[in-house]
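Below: one structure, written as structure tokens.
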Amino acid sequence: MTSAPTQTTQTTQTTTPTTYPEGVTVRKVGGRIGAVVEGVRLGGDLDEVTVAAVRTAILRHKVVFFRGQEHLDPTSHEAFAGLLGTPVAHPTVPSVDGRYALGIDNERGGRANQWHTDVTFVPAYPAFSILRAEVVPPYGGNTLWSNTAAAYTELPEPLRVLADSLRGVHTNDYDYAAVRPGATGAALEQHRKVFTSVKFQTEHPVVRVHPETGERTLVLGNFLQKLTGFAARDSRGLIDILQSHVERPENTVRWQWRAGDVAIWDNRATQHYGVDDSDAHERTLRRVTVDGEVPVGVDGETSRLLAPESVPDPVHGIASGASTNGRVAEAA
Ligand SMILES: [Fe+2]
């Protein structure tokens, strides 16, 4: 694993100018989030200098896009993920191919048309997600990402102070019917059953300090069920206010997929949303995630697994959140 550019300052963004290796260009596609990287052929054999440059670009731009990576297959996709950290399996959904690749397939209920951060229902949710497009629809099926550090920074100060003090419970056992009123069919029901085969509950700080950049980022999204210490109605109102800043178009970027594209995002500083507007056309993507750290709040308090007792390992490899600190919190 290569060493990452780190910064210890708590609240400032990385400002060190970076010189990318010769032949590698990084071009912003949005004011606050998103850049296209050119001149890199992704794979397990990528040299250390280029891997470090890719990592810097991800930390700086939150999501980076690579065109023309058709050469990747399940093996090389996962081998490349191993250069950014430790690949981890989804805690409940079996891999479609390779050891860790999660299928994002609109035939299998994989329409992630809710704003979310991947796998926040476990403590050490993934640091990076690497998504590769195999089959794209003739129209629609774009993905949006939002910069949750920018969303935090733009909060009015009293709201920022409040957010710093909040904690919230995330779960994978949310009400599918409520968020997908149009969803029907056995395939979707099967997906729901698998997805919630183990019901997780994890309490995270609403604001975490990013372990690599020192930025403060909002930890919200559709797995967040309730703010700790609030009645349901107040909790929902506060979540909606904070989440509305994440969803502000100025904080987002939208990507129109081509087959062979790869998007890599910093899952600790973003939310994303798969737009479900490609009708019945096939849309098949593969996602590999890289292990993250247990989040730490502004006050130094870490996230806590509330249920089950620990994050069980899947049949192969290690589960997201299990490798660093998946154990249930000590009873206070
Ligand atoms: Fe996702």
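The values are calculated or read from the model by the stated rules, or taken from the named source; none is laboratory data. This one's a predicted model, so the numbers in the text were calculated from it and none came from an experiment. Positions of Cβ are generated from backbone atoms using ideal geometry, with glycine treated the same way; all protein chains shown enter the neighbour counts. In case anyone asks, the SASA skips ligands and DNA or RNA and just uses the protein heavy atoms, side chains included. Shrake-Rupley method; radii C 1.70, N 1.55, O 1.52, S 1.80 Å.
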Kindly provide the set of residues from the stretch 55-84 that are part of a loop (DSSP other than H, G, I, E, B) and open to solvent by less than 20 Å² (accessible area, probe 1.4 Å), ordered by number. Lys62, Gln69, Leu72
Just one listed residue, out of Arg236, Arg208, is closer than 12 Å to Thr148 by Cβ and more than 16 Å from the ligand (Cβ to nearest atom), and it is Arg208
For Asp279: the one exception among (1) touching a strand residue (DSSP E or B) at 6+ places or on another chain (Cβ under 8 Å); (2) more than 16 Å from the ligand (Cβ to nearest atom); (3) modelled with pLDDT under 95: (1)
Search the stretch 282-310 for residues being among the aliphatic types (A, V, I, L, M) and open to solvent by 10 Å² or more (accessible area, probe 1.4 Å), and hand back the single one that is farthest from the ligand (Cβ to nearest atom). Val298
Being more than 14 Å from the ligand (Cβ to nearest atom), modelled with pLDDT of 75 or more and surrounded by fewer than 20 Cβ atoms within 10 Å (Cβ to Cβ) is the filter here, so list the residues in the stretch 93-109 that pass it. Pro94
Here are Ala163, Ala149, Ala127, Ala112: which of them is modelled with pLDDT of 80 or more, within 16 Å of the ligand (Cβ to nearest atom) and either β-branched (Val, Ile, Thr) or crowded, with 16+ Cβ neighbours inside 10 Å (or both)? Ala127
Any residue that is touching a His at 6+ places or on another chain (Cβ under 9 Å) and closer than 18 Å to Ile104 by Cβ - is there at least one of those in the stretch 205-221? yes
Go through the stretch 40-54 and report how many residues are open to solvent by 60 Å² or more (accessible area, probe 1.4 Å) and in a loop (DSSP other than H, G, I, E, B). 3
Mind listing just one residue for me: the one in the stretch 26-39 that is in a strand (DSSP E or B) and of a type in the set (Lys, Arg) and, of those, farthest from Pro249 (Cα to Cα)? Arg27
